[in-house]
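Take a look at the structure set out below.
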Amino acid sequence: MNPVHYKKISFLALIIITSLFACVDDDYFGTSDLNEIIEFSVPGQSGSTAINSEAAAVSLSVGNGIDRSALAPNIFITSNFASVMPDKYGIQDFTDPVEYIVRSESGIEKRWTITVSEQGADPQLQNSDFNLWYETSAGLINPILYDEPGENENSTIWATANYGLTNYGDEPNTTPVDLGEDDFAARLITVKAPAVVPLAAATLFTGEFDLNIINPPKSAIFGIPFAGRPSGFRLNYAYVPGDENIGVTADECDIYVLLEKREDDSVSRIATGWFRDGTDTGTSEWTVLEVDLKYGPLTAADPEFAYANIPSDQTWADPDETPTHISVVFSSSALGDSYEGAIGSILVVDDFELIYN
């Protein structure tokens, strides 16, 4: 997954100590008995990879039209010192489940089954109704429990910046909202930062959060594999801008979707759908938002051109291309990456859906 940074996580410059501590894993003195599959992906993948260690099973899907009969994994990471049979990066026929044997350094074998299915014609994103949340923790001295969207850490496609805040000892600012009858939404709130910067905007996005102490903005890695061509997106949202403005006269939320083609280190934009607004909708009822995706370059005539145009190190793709990645981003303060916004701005989102015409 290539690190593409559209919205920086505002508070990360605060965290300067936690990386000094390392967890002990399978790099240790002695002979390792570990025979796990840690990461696995194939070209044309759509969505995340689910890895079930107990069942020794890996499952994922690819876009329509991908030839599953001749696929070679492009990421196949196992436990340190383990070996794999057959060849990890050899071509396989994944129209049926494929078995691999992972042998630990000590010689213990584990037989894994990898299933590659084909996505539907109009793919949706996993847990885009935000009904599933799992509990995790961060912080070395006094760990703080918090919730993240998804069934578990290994299968989720969604990430937040909660890990950064809680490592610093503060409370998470993206949390689940219980609507009753097993229905949940996501609540994002801009908060006062605990130290040297003025605020921490909440961000929920498809991708990964990998804490980077040297270059904090690179902690947010936006985008997941995806091969659909939606015409737009729809969701329920509510927004209340805060009244303690910092660097702005009024705060705005950001909600956007980007479709991209990524090859090695190059990124080209295929389609853009962006909503930036500061209207106070209240939180007593939902506002239904629909945004069209525009395929091809934005022009000065497009309302979102000024802030949604491609970065200088990227290009525009042919609008007829099939995407390889999708980035979906929600932020409680549109300029939170510049530490500007309003303390107390609240964005609540639910039932995100891709539209196909």
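All of the numbers you see were taken from the coordinates with simple rules; none came from a lab. These numbers come from a predicted model, not from an experiment. Please note: Cβ atoms are built from the backbone with ideal geometry, for glycine as well, and neighbour counts cover all protein chains shown.
Data table
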| quantity | calculated |
| --- | --- |
| Sequence ranges 244-250, 298-304, ranked by mean other-Cβ count within 10 angstrom, highest first | 244-250, 298-304 |
| Phi to ³J(HN,Hα) by Karplus 6.51 cos²θ - 1.76 cosθ + 1.60 over the stretch 176-193, Hz, x for Gly, Pro | x, 10, 7, 8, x, 6, 6, 10, 10, 10, 10, 10, 10, 9, 7, 10, 5, 6 |
| Phi-based couplings in Hz for the stretch 66-83 (Karplus 6.51, -1.76, 1.60; Gly and Pro marked x) | 6, 7, 6, 6, 8, 10, 10, x, 9, 9, 8, 10, 10, 4, 4, 6, 7, 10 |
| Cβ-defined net charge surrounding LEU259, 13 Å radius [Lys, Arg +1; Asp, Glu -1] | 0 |
| Under Karplus coefficients 6.51, -1.76 and 1.60, residue-wise ³J(HN,Hα) of the stretch 241-249 in Hz, glycine/proline x | x, x, 10, 9, 6, 10, x, 9, 7 |
| For the stretch 137-278, convex hull of alpha carbons as volume per residue, Å³ | 170 Å³ |
| Highest-fluctuation residue, LEU293, LEU211, LEU145 considered, GNM on the chain with Cα pairs under 10 Å | LEU145 |
| Burial order of peptide ranges 313-319, 342-348 (average beta-carbon count within 10 Å, highest first) | 342-348, 313-319 |
| Where the Cα pairs of the stretch 66-167 fall when distances are cut into 10 Å bins, in % | 12, 27, 28, 27, 5 |
| Cut-off under 5 Å, modelled amide H: who pairs with ALA193 long-range | LEU199, ALA200 |
| Distant-in-sequence amide H partners of GLY232 (H built 1.01 Å from N, under 5 Å) | LEU293, ILE355 |
| Kirkwood hydrodynamic radius of the chain, Cα pairs, Å | 21.5 Å |
